[in-house]
Each structure stands twice: as C-alpha cells, then as structure tokens.
C-alpha cells in the first residue's frame, strides 16, 4: 500500500521552527479521504506539489488515504516525524500533543479553531495547551493557523484552498497573521507572476509568533525579500531583533499593518498619551529599524516585483525615457512626490540629442515622442546618454501598450533596453503593458520588471532606494553607537510638577529654577532669591492641568503680586478641587521667550518606552506634527526626529526668528531617552510641555513636566 | 470599385464638434495603402470596427485603397463630407483646409505634427492656420492630435495603434491631451474589461480644446462618466461651465492632472504669490466645481468601474461582510481614512447574529470567518441584517480569491449577493479575484463590480459618495445663490499699505484705524487722535516687507516714543533703501490680540482671481495649511474654506482660547471676493497679512495689506 518506498534525507530537527518549511516527514493527524476537508487537503496538496519527503496520514478510520498507509496514532509511525499537522477538534489537541511528544515530533501546526479567538474560555484552553507544549518540548504554530508552504520543495502544510491553483516558486517569503488574507496575497502574487518561496500563517500565535518566523525568513539564503501582513506584534523586542537581522542580511521586509483606525484606549492625563495612538508606535518602529511599511498590498507587491528582479537602486536619482510627453510629466511628478531626483543631463549632451531629434524633450525626462516609431535607433542614443551619467542610479522607461501591440517596436525597444541594462549594470524599470508575447518574454529574460502605472512604479523604486539608503545609515549608526546605559533608575517621588522636574534635573535635564513655598511669606522670600519676575503654580499630585483650575499666575513682578497670587491660587484650588492634596505653591523663574517644544515618553505595550517630540502650541496635538522613536535614541536619531517635523524650520529661525539651540534640545532628547530606558519598570508616561528652546548657545529649559507612573496613580 | 453602395443617414452637421464622434461620412486625406501608416490605419480601423458610414480616401497616388475609391482632392468627393482626417505634412495643411472649406466640411482632425510643439516657428504656423480655419469656418481638432474614436458606432478617426487590439464599447468617455497616454488609458481600461464609448485626443488644441470636448461628453445621453487626462487647461471659464453642466447632467468627471511638481514661476513680493502654485489652483477649481480629481489612472479606472456598474452611493455609510477578519480590519481602516462611516449594527441584531455564529464578528464589519464554507446559509443572514439598516448606504464584501477558486462557494456567495443587491436596491461592491469562471459571470450579470484591493475599492466608493454629496451641495448652493455683483471696480492708488487699506475700507472691509503723517509733530497729533498705544510704519510703494528694513515700530505708548520712532524709521529707510519713495509714516492703532489669518487674491492665468485663506504664522506658508477658491466665493463657500484648514479649531477656541469672530471673517472673505471679481482687470495679487480675528462679536481687522497691480509695479 505505502508508495513511499525510497529513503528520504533526514531533516535537521534541532531547529523546530525550520521544520515548518523543511520537514522531510509529515504526519497529518485527522487525515481524511475527503479531498476538500481540512484533513484531506494537506495530503492532496503535498502530493500535487511534489513533496518528496514522507507523508503519514494518521486516523483510526481508514487503512489508507490516497494510497498512503494510515496510522491509528502518531506513536505508531515507524520512522521519525519532523512535523505534525493537527486537523482535529480543539478538544483533542492536548491528547495529540502528548502523542507527538512521545514520538519526538519537534513541531506541530494546529489548524484547529476554538481557542483564544472565541474569548475568555478559549483563551484559557489555549494557555493550558501552551503550558503543556512547553512542558513536552513541542513547538506549536497556531492554533487557528492555516499552515505553512514551501513552494520550492512542495512542502504544503496547509488546508488553504488557495493551492487549488498552481503557484510559482520564487525568492519571496510571506508571513501573515491572517490565514485567509495571506492566501489572498498569494493569489494576487500569482496573478502578477510573482514567485513566493515560503509562506506562513501564524494564526493565534500561542507559541510561534510572527517575529520568530520573520527572523527565520530573513536568514534564509534563498529568500530575497520578506512580505509581512501584520495585525499585532506580540513581542516587540523579538520583532526589533528580527528587523536588525534583516538589515544585516540585507533582506528588505515589506509590511502591511492593519488596524490604523484603531487608536486604542487613550488616557487623557498627559499630552503624550493623548497624541500617540498605538498605530503611531508601529509606524515609528518600522521606520526606525529600516522596514518598508506600505498602506496596500498593491504597493507591497509592486516592491516585491522589483526585488524579484533584483532592483536595488544605488541612490535616489532617476533617468526617464518616455514615448509620451504626458507620461514623462507623470513620472517626473511621481519622482518629486516620492523624494526621487531627476537630474538634468549636461548641456552638451542635451545639445547633441536635440540636434539628432529636434522634436524630443532631452533634458531628462527624455520625451522620445512618436518619432521612435520611425527611427528606433534614436532610442539607443537616448539610453546611452542616460546610463553614461554617474548621477543617475536607476532608469525608468515608459512605453505604454505599444511594445505589446506593435511587435517590431516592442522587440527593438526591449532588446536595446535589456542590452543597456546589462552593459551598464544599472537597474531598469519599465512602465508598460507588454502583453504576453515576445516583448514580455524578452523583458523577463532580460531582467527588466514592468509595472502598469507610472506613479506606482516610481513609488516602488523610491521605496527601495529609501531602503538602501536607510539601511546604510542604520548599519553605520549601529557600528558607531556607544554602549547604551540600560541600568535601572530607582523610583522617585514624581507625582507633582516639582517632583517630576526635580527628578529630571537629577538626570541632567535643565529645568526652570524653582522652589516650593508653603506660606505667602515663604513665596516672597523664594521669589526674592530667584529674582523677579516669577511664576506661581500650585504643586499637587491631583491637579494635572493647572490653568484649567486657575492655579497658575505668570509674570509676577513684585512681592505684593506674589503674596496676592499665593492666596488667589490656594482659594481657586480650595474652590474648584477641594479634595486635592496641596504640597505647596511652586515659585518659578520666568523663562525668556523661545520656541516651545513638547517632549514625552510613552511606554508602548509592545515596544516599550517611546520618545515623542513635537512643536508646542497646536502643532503636535492638533496638526499631529510630531515624531516618535523607540528608546534608546542617540544624538543622530534625535536630530533626525527634529528634522522630520514639518515645523522644523521654526527651530532654524524661519520667518525672521532667531535660530534656536537645537544642540541643547538634542541633548535633552537623549537625556530623556536615558530616563525612558532606566525607568521602563515604573514610568508609564512622561510629558514635558513645554521645553523652551532658547536662542543658539543659550540652551533649553523644561518649563513644565508631568509623570504618570505605571500603577496609574502618579508614582 | 466602391463598395459603399447603401445610402447612409446624414449627420447633423450644424454641430461641428459632434462630427468628431458622429460623422457619417469621413474623408481620409493622405490615404495610404500601407496599413500601418498614419494615412492607412484610420481606414483599416474604420472598416475593422464596422463603421457603417462612408469612407473617402483622398490621395492622387492611387485609384483605390482597400477596395475604396480614392479621390485626388476633397473637392472631388461626390457626397457631403462630415469630417476630414488630415494625414498630411504640416506644410500641406493650409491648402487642404481650403479644399475642405470649399467642400463644406465642418470639421477636420489634423494628425500632423510640426506646429506649436516645435517652438516659436511652429507656433506662428499654428496661429496662421487657426486664423485661416476661422475665416473659412472650419473647426480643427489638433494639430498633433491622435484623433477621436466612437467605439459605439465604430467611428475610429485615429491612427493610434491601440486599435490593433479590440476594445469593448461602453458608457465611459475619455478625453486626453496626450494622444499616447490617452491610448494607454484605453489599453488599461480594456485590460480591466471597462467599456469606453467615446475617446478624444485634443493634441495642440489650436482650436477645439479640452473643455469643449468635455462639455460635449457630459451632455451625451449614452455617457455615464467622463475621464479626463489633463496637462493644462486653456480656457478656465469654458472649463468651469463644462464642469457646471456635468453637475447638472449628473455625469461624474474623473480627472488626472499632471504637472504637479511644476509649481511655475513664483513671485516673491506677496505671501499669496509665494504660497500658491499653479497646480493648487487646478486642484481648488476641481474641488470647487465637483470634479473628482485623482492622482493615478488606477484610481480613475477604479472609479470608472463602479460608475460602469451604476454604483452611486446615497451616502457615506458602509456595511462590510468579510470572509477574513484581516480584510475586515483593512476595509474599516480604509473607510476611516476615506471619510466613510461603518455604523455598528443595533445591539439586538448583533445579539441575534452572534447566537447564530458565535465565531463571527457581528458589529459591522461582519467577520463571517471560514464558517461560511460549512454553512453558506449564514451569509444570507449577514446580508439581510446589513441591507435592512437604513443607516447603511453601500455594501462592501470581501471574498478574496475563494469565490473563484472554489466553485460551489462562489456560486452561493455571488448568488446571494446579487439577490440582496437587487432586492435592496443598494449598491454592492465586491473585493475579490473571482477569476474568469462562473462566479465572475454571475457578478457581471448581477451588476456587482469587483476590485482586487480593499483599500482601492473603498477609496473608489468614497470618491463617488463624496461626488454625490458634493453635487447636491453645489447644486443647492447654485439654486440659492443671489446674483453676484461683477461690475468692474475702477483702479485706485493702492501701491502702499495705506493706499491698499484705504481701498479695502472703501469696499466695506474693516482695517486698522490709521492716518498718514509727514512730520514727527503730525505723527504725535495723529497718535493723540487715535489713542495710545499706536504703531508706526513707513508708507512706501517700494518697501513691501517693512520689518526687514527696520521701518516698523509697535506698541508706542506716548508722544516721545512716537516722535523717536518717526525719526528712527526714516533714518532706517534712508540707510537701507535710499532710493525708496516715502509717502509718509503711517500712524496706526494697535489691534488687541486675536487670531492672525492670511487672506489673499491671486489672479490665476487660467481661472482668473482666486481667493486664498490660511492661518498666520507658519501655517499657510511653511505648513501649507491654506485653502483656495475661484472667485466669486459666497458665505457658505467661505465657511467651507475655513473649516478645511487643519488649524481651524484655533478659530473655534481650541486649547482654552476664546472663540474668534468667524462670522466677521467670512464677511471679510466674501468682501474680498467681490473685490477680486471687480478688479480682475487690474489687480494681480492682493495680500492681507494678517487680518486679526477678534473674539466672537468683536469683528476682525486688517492689520496689513499689499496689492500688486497687473503691470507688476504696484498700481
């Protein structure tokens, strides 16, 4: 009965995660003769896709399934089992897990639904299952996973009906937290003739989760780029480590993250808390660690197509040749919008081309016009002129439908393009619909990818150019980075402005000179010592927004005003917040005018402490002009954060203002990062609003600060 | 020889433009036996596409072309000629034009290149040609046009090789200023199985230009939507009239405008001039007149597909059913990003569904989960629940590749969807890859369009929902509009701040109280009359930015300060701008604090005077937070402009501020619009920077103004 007679090579079972893609022997538990059932499809697909390892159907119901001998239990299988697929009900999973452990199976994929996705009861069952698996030493992919696929080897450990159609193997890998949507991406990739090599759906991620698969993919020598469909990341640190490995291994990771509109529960106590949504942290981390985050699967697959063809632009400068003037303008627009440059050709080169083709636009973009139909040779000259320029990294060529519709034109244009690309070694991208004839075949063989839409083509080029540039920056930054001080900072009493600022000052951050006063006379004496004018504010752990309750007085010029203000503040507080604990009244220096900046720490549940930075006033909150990074943040990153602000020119002295002390602000951000790392155990949010950035050379001063502890009660 | 024996119906030759699409007899001048030449292709295509009117090849070289009798000259053709295609060199065009006129041909399409696109010499030849055509009473499409196509009748008056492939006729019309790119859009539409009915490429637009074709298309009863590829609009008024007709006729016009990165030559003298690029005016006009402006042809064709299926959402509220939870989140994200709402189902409905399918997410989006495979009936219940809701206008359904890959599932899902769509009368859009089998056919016959990408599908729905809503607003606004005063306003001396503000005040706009002083004593006396504190500024037609030259003093509290400031200002001017003409020193009231707003007029070369509005400080200039409208602007439009500003909440009293007098600001904008219309002959730019908007009830005051006249010298 058993047709699997030849000996198969043993797999390296020391790496349980690798078994998901390179198992040589697979048990299908709950195997079914119904080819369209969850227990039938994996066997059907493994055989259809030519998996040449051993397949062991496990079921007590049959002697054989599809000519393969069945076993009543995993324990009965004669040879080693690298991977078990569990097509059983949730209730039977624990028992099968025991069988697998007894058999020495390192890894199982649990197709079964009925766990955490069902709510509390399911979550408990899932937790018990994970506990059992850990005890038994078995790794789980799932539950509720649609399985994994290695199209290169025909390992199709999945019940997804997406395998009803044939898919080409290739150098891309896809990990998806949604089985169904992952399969849809695979279907789209196939429709676009893109080759996925590895594919994993991680389901509920009770054990094996996205970051671990990502790490595996970016280390895989046959994989050129990784696509990831992400709903939530469970282990931020592991994710960041995988991202860093991806950079080292030079495997671009293209991410579609869903859940943008879910800004999550917001705490209103601090500004930082109110500004930053959970999606912001994801986007910040993606950018910070060189991942390519895109909004749509279209964009993901556009980029994948270029990577599939080995397109890695050495820089952001593009040469354009277009059969259509309109398309030339579109391409130039798209370059401008995507941060790509289209450098003009040198005057003499332009003059030479103009003599040859008076009709053409020759500056770059080159508008070759319909003249190309009559004299295809001129195309060669245009190409030659562009590839010869050292300041052009990538060529983007527009030929519309013509190369597909008119065979001769297509062959000439494509032939010359392929030759020029090969000779110059520069990446070429074509915007065209070459059809499925000779032109299309020549393009494919010649290594020139084509996309239909000019805008999308340029955005994909820009994304990869940015990746290449960003990768270099990040790797250099890591090489030159000095060790980050991660020592814990002990808890302090930080539940009022005075406490928070004293704490900041203790860690090298300059704050307003200020003292606490408990009587009007003490206030006057403090003011005298500080020097007039001063500000008075209530200091209370129960009053976060002092202006709202009238507990703030600015610009007090003399003792009488200070005395009066002291009384007014206490009366306002007694009146408006009668239960507030009042530690005293803060007597504070008035800081000279400068540019108001908001800084903050927010502990993200996934990525840990994040550093926020934005301009004060309405900028950060209302206009959402802020930047965010995961701590630690070094000087270079802090500088980058500031420059990303739309309002950055204000700091440089836009509109006739004085240039502000950006250096001091960068120091403050780095100091805040040190605090964020050291206090990750006990600070939930820290809000500096504002720090006043004085003119260059004069530093910056924290004028107000608020800290929310992890217990949520201000300590 | 002549196979055209039957009598053809005569065309209505009173409308020369209509001849481009409904000619019944066509002369092809420069006809060629070479089927792939400019003079050969139109004949080949006319016959291949089944044009059933008469075709007259005109050439002295042959007796017949493709079985059609040739004529040596247009004059020799026996019957009437509705349209002549000129496939001749530029030099021969004038002579042929004479022939056409003699024959009574109302319209010609001039394929020939060699005119304005060549530069000055060509421009002159083109101008002479137009002059001749006007004299002869012949309308010209072109030169350098690729021609026109009416796929419904087989009128293929073009040499574009795009007709080498077959294209389906349908309810869409496309006008393109680029022949080559227009053909590429047609090729893309065909690849997507979209039917274009009418297609025109307008070439150099020496005579017939885009707006005229647009107007024809939006009036065409068989056309459901118009697509336009725009490089530049030549007649702004005609374009706006065509757009207004499109709204009345309810023909959505979807525009791709290229040339975004060309911000054009900027004049630095006024802020308005520096802020507004030429593309901004286009986008403002598109929005103002209800056109759908998109960035890419992808988006254009997505919208076209929905229109092709008659999808016109009655509102912006969407119901979602998805086979995949991930896709449900993606769709919800996309809705949030596009301004569409996804209203939750009523609690009792949710509870009922939850009882039926405990696995599912039932709030809306409905996550139907893979359970749908096992019990397709539950889909019917989900559908029923959503279509029954009055607060749901459109249904978006995600079924990925499954409906194409698994035949049974496809038929059930599609069948139920078609039935629900038909019964409810609500528009349905599917996100799926239905393949080309039964599911795809059922969808098509059932009137449900499908798109591949969730994000793109939602954006297309949102664009049409916005169109429907915007159309209603604009039509209502036009109905209720009172007559706009367009009477010219006579020139005035406006070349200094005092002159400009006196002019504004004369037209009902409140400006700072101020007087001109020529001596220190006069300044002190003026200040006394106005009341302290005051500001002093030089008044000179040669000094636009007073701060830059030290010619401005604020907050002067007494006579001595005024006297001192007067001298300082004059000395600074003498020192820094010695050649400046000084009219005096302006003594001005100090306006109490308020919110600073920038208003402006900029005469756009295409659309005439545009009204700009933005918040002061860095908002309008640095953050590009401004809105723009073509004058005239009514109160409702002015209000809309303000609400579009990202910083609008500042005017409403964000961050604890007082609400500003938005009503008065709206009055000021409307007043400015009246001035813009009345002075279109002589004001190039007008810059109010700032107008200070005081707290509600206190009005707003123009604190500074600058006018640049059309001669460019400030009058």
Self-check item: Per-q log10 I(q)/I(0), the protein assembly as shown, q = 0.09 Å⁻¹ (Debye; single scatterer per alpha-carbon; no solvent)
Solution: -1.41
Exercise. Indicate, rounded to the nearest 5 percent, the antiparallel portion of the DSSP beta bridges found entirely in chain A.
Key: 50
Self-check item: Antiparallel %, DSSP beta bridges [both residues in region B:312-476], to 5
Solution: 5
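Need one number: convex hull volume per residue for region B:1-145, Cα atoms only, in Å³. Write down the numbers at each step before the final one.
Working: hull volume 14.4 nm³, N = 145.
It is 100 Å³ per residue.
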Quiz prompt | Innermost chain A residue relative to the axis carrying A onto B, by Cβ distance in angstrom | solution = A:623, 3
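For region A:402-543, what class follows from the C-alpha gyration tensor (a ≥ b ≥ c being the square roots of its eigenvalues): rounded when a/c is under 1.5, otherwise prolate if a/b is larger than b/c, else oblate?
Working: a/c = 5.45, a/b = 3.80, b/c = 1.44.
Cα axes put region A:402-543 in the prolate bin.
State the Kirkwood hydrodynamic radius of region B:508-571 in Å, one decimal place, computed from all pairs of distinct Cα atoms. Walk me through the numbers on the way to the answer.
Values: mean 1/r = 0.0829 Å⁻¹.
The Cα-based Kirkwood calculation yields 12.1 Å.
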Quiz item: What number, in percent, do you get for the relative contact order of region A:572-668 if the mean sequence gap of Cα pairs under 8 Å and at least 6 apart is divided by its residue count?
Solution: 18
Quiz prompt | √(5λ) per eigenvalue of the Cα gyration tensor, region B:630-715, largest first, Å | solution = 27, 14, 11
Self-check item: Dimensionless Rg/Rh of region A:451-519 - Kirkwood Rh, Rg from C-alpha atoms
Solution: 1.37
Quiz item: Taking the label point as lying 7 angstrom from Cα along the Cα-to-Cβ axis, what are the distances from residue B:438 to the corresponding position in the remaining copies, in ascending order and in nanometres?
Solution: 4.2
Quiz item: Rounded if a/c is under 1.5, else prolate if a/b beats b/c, else oblate: with a ≥ b ≥ c from the C-alpha gyration tensor eigenvalues square-rooted, which is region B:312-476?
Solution: oblate
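From the alpha carbon gyration tensor of chain B, can you work out the equivalent ellipsoid semi-axes (sqrt of 5 times each eigenvalue) and give them in Å, largest to smallest? Each step should come with its number before you reach the end.
Details: eigenvalues 596, 344, 60 Å².
Gyration-tensor ellipsoid for chain B: 55, 41, 17 Å.
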Practice problem: Give the nm distances, rounded to one decimal, from residue B:576 to the matching residue in every other copy, measuring between label points 7 Å along Cα toward the beta carbon; shortest first. | Solution: 4.2
Self-check item: Partner chain coverage, peptide A:169-178 - average Cβ within 10 angstrom
Solution: 1
Quiz item: By average Cβ neighbour count within 10 Å, what is the ranking of B:664-673, B:120-129 from highest down?
Solution: B:664-673, B:120-129
Quiz item: Using the alpha-carbon atoms, what tilt in degrees (0 to 90, nearest 10) does helix A:325-338 show relative to the longest principal axis of chain A?
Solution: 50
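How much of the DSSP bridge set in the protein assembly as shown is antiparallel, in percent, rounded to the nearest 5?
50
Sort region B:430-469 into rounded, prolate or oblate with this rule: let a ≥ b ≥ c be the square roots of the eigenvalues of the Cα gyration tensor; rounded if a/c is under 1.5, and if a/c is not under 1.5, prolate when a/b is larger than b/c, oblate otherwise.
Oblate is the answer for region B:430-469, as a/c is 1.5 or above yet b/c matches or exceeds a/b.
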Quiz item: Considering every residue in A:182-195, what mean count of other chain Cβ atoms within 10 Å of its Cβ is obtained?
Solution: 3
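Averaging over every viewing direction, what projected area does the convex hull of the Cα atoms of region A:163-308 cover, in nm²?
Working: hull surface 36.2 nm².
With the hull built on Cα positions only, its mean projection is 9.0 nm².
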Self-check item: Shielding of A:365-371 by partner chains, average beta-carbon count, 10 Å
Solution: 2
Exercise. Kindly express, to the nearest 10 degrees and within the range 0 to 90, the angle between helix A:236-249's C-alpha long axis and the longest C-alpha principal axis of chain A.
Key: 60
Self-check item: Alpha-carbon centroid distance for the pair region B:633-711 / region A:378-400, whole angstrom
Solution: 49
Quiz item: Which angle from 0 to 90°, rounded to the nearest 10, does the C-alpha axis of helix B:347-356 make with the longest principal axis of chain B?
Solution: 40
Quiz item: What nm distances, shortest first, do you get from the label point of residue B:250 to those in the other copies when the point sits 7 angstrom along Cα to Cβ?
Solution: 5.9
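Each value in this text was obtained by applying a stated rule to the coordinates, not by laboratory testing. These figures come from a predicted structure and were not determined experimentally. Note that we place each Cβ from the backbone using ideal geometry, even for glycine, and neighbour counts take in every protein chain shown.
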